[in-house]
Amino acid sequence: MDLERWITNTIKIQSIPAPTFQEANRAAFMFEQFSDLGLADVSIDAANNVFARIPGGSRKPAILSAHLDTVFPIETQLEHQRRGDLLFGPGMGDNAIALGALIELAHDLPDSHLPNDVWLVANVGEEGLGNLLGMRQVVNRFGENVLTYLVLEGMALGHIYHRGLAIHRYRITASTAGGHAWIHAGRASATHAICRLGAQLSKLTLPIEGRWSLNIGQITGGTSINTIASNASMELDLRAERAALLEALDQAVMAAVEENRSEEVSLDVDEIGNRPTGEIPDDHPLVKAACMALKEAGVKQCRLEAGSTDASIPLSKNIPSICIGLTYGSGAHSLEECIEIQPLENGYRALRSTLDQCFKME
């Protein structure tokens, strides 16, 4: 591993805008890197997922992936700064540094006499409303004949995500007749209806125990300050550690929606995201291998976590999978996002050791 080369490539990747559904240019960069290094079967599919194979033995392949997309709009100024041990820039840790790690693996692994093929995958659609689209397509491509998925994220060194959070996302739209604020005073307002519903949802309680969350991420609607809104909507994110808990949350939300419908107010619910749950146990060989690799690399923490990552898709199909981090950082999803440079060597060492242990799991 060449640290300065990794940082240089990371900065190049970070400087290429890649909002969800607009990852083509960043995918082209990864394709070029893999091709220039002479990897086998380098390709880009119709969705802009990038694939490259490092030949090994004839047994089940291991898949190492990192997502291409960021949360930042296309017009975001993707500036970067290096200050001592810190590297700043929107999307630097989520997920440019992990994509840079794939390029480092492309340099290092061909000389490693691998017992299995290793596929390097840069996939689309992990963030926002991407709904894990890219990883769904990746898993469909490879099927169940896979040794493991190691999903790489930038800023979660010491964390091992081996459980997928169950997530449902909805857009709830209110529609009314609308009208003039003074002439038609008293008519139902779509924005008022959405605000009332949002206030009610913010106070929900559930009859079963467990960790869950409800977030109203966006509210839009209305025409002008003196117009009774005829249309308004909210986007709702529901999460739970267990499928049964998410189902209970779903039912509570739908009951609140039904309670707020009337002759004057129409409320329509559209599903805009559905991320599955799945897990491997704490004592699974893959989890134990990743924990041991962190310890041997000098990383003191080993936290077993549930999270919404690309690993949720293979986990939902009972394929051994984890998501692991490469360094520490802060400011995720903000313009002040930054990563620490020094821990990258330990993170990379732990990644390589985890991969080596995976080959012994068959």
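The values are calculated or read from the model by the stated rules, or taken from the named source; none is laboratory data. Not measured: the values here are computed from a predicted model. Positions of Cβ are generated from backbone atoms using ideal geometry, with glycine treated the same way; all protein chains shown enter the neighbour counts. To get the accessible areas, we keep the full protein, side chains included, count just its heavy atoms, and leave off ligands, DNA and RNA. Shrake-Rupley method; radii C 1.70, N 1.55, O 1.52, S 1.80 Å.
Rounded to the nearest 0.05, what FRET efficiency do Glu296 and Gln342 have when you use their Cβ-Cβ distance and R0 = 22 Å? Efficiency computed from Cβ-Cβ geometry: 0.80.
Across the chain, Cα pairs under 8 Å and at least six residues apart give a relative contact order of 22 percent.
For the chain, the membrane-span-like helix rule (DSSP H, alpha carbon extent of at least 24 Å along the helix axis, mean Kyte-Doolittle at least -1.0) picks out 243-260; this says nothing about an actual membrane. The Met1 and Arg261 beta-carbon pair, evaluated with R₀ = 51 Å, returns a calculated FRET efficiency of approximately 0.30.
Computing FRET efficiency as 1/(1 + (r/R0)^6) for Glu305 and Met254, where r is the C-beta to C-beta distance and R0 is 30 Å, gives about 0.55.
Working from label points 7 Å from Cα in the Cα-to-Cβ sense, the Asn318 to Trp182 distance is 6.9 nm. Spin-label model, Glu247/Lys203: points 7 Å from Cα along the beta carbon direction are separated by 2.9 nm. If the segment from Asp111 to Leu37 were pulled out straight at 0.36 nm per residue, it would be longer than the present Cα-Cα gap by 25.4 nm.
In loop segments of the stretch 142-203 as defined by DSSP, the trypsin sites (Lys or Arg not before Pro) with at most 13 further C-beta atoms inside 10 Å of their C-beta are Lys203. Once the stretch 1-143 is represented by equal point scatterers at the alpha-carbon sites, with solvent omitted, what log10 I(q)/I(0) does the Debye formula produce at q = 0.11, 0.19, 0.21 Å⁻¹? Log10 of I(q)/I(0), two decimals: -0.39, -1.10, -1.29.
Would you kindly calculate the translational diffusion coefficient of the stretch 99-203, applying Stokes-Einstein with the Kirkwood radius from alpha carbon pairs, for 25 °C and a viscosity of 0.890 mPa s, and quote it in µm² s⁻¹ without decimals? Once the numbers are plugged in, D ends up at 128 µm²/s. Given a 1.4 Å probe and the protein chains as shown, Glu296 ends up with an accessible area of around 120 Å².
Accessible area ranking (1.4 Å probe, heavy atoms, ligands and nucleic acids excluded), largest first, for Arg303, Arg211: Arg211, Arg303. Surface composition of the stretch 106-203: carbon and sulfur atoms hold 52% of the protein heavy-atom accessible area at a 1.4 Å probe. Measuring from each cysteine beta-carbon in the chain, the ones with no other cysteine beta-carbon under 4.7 angstrom are Cys195, Cys323, Cys338, Cys358. Just to be sure I understand: with springs between alpha-carbon atoms less than 10 Å apart, which residue in Asp270, Asp117, Asp237 has the highest mean-square fluctuation in the Gaussian network model of the chain? Sorting by GNM fluctuation, first place goes to Asp270. Distance between the modelled labels on Ala24 and Glu362, one decimal in nanometres: 3.8 nm (7 Å Cα→Cβ projection).
For the stretch 67-161, applying the loop criterion from DSSP together with a ceiling of 16 other beta carbons within 10 Å to the GluC sites (Glu not before Pro) yields Glu75, Glu79, Glu144.
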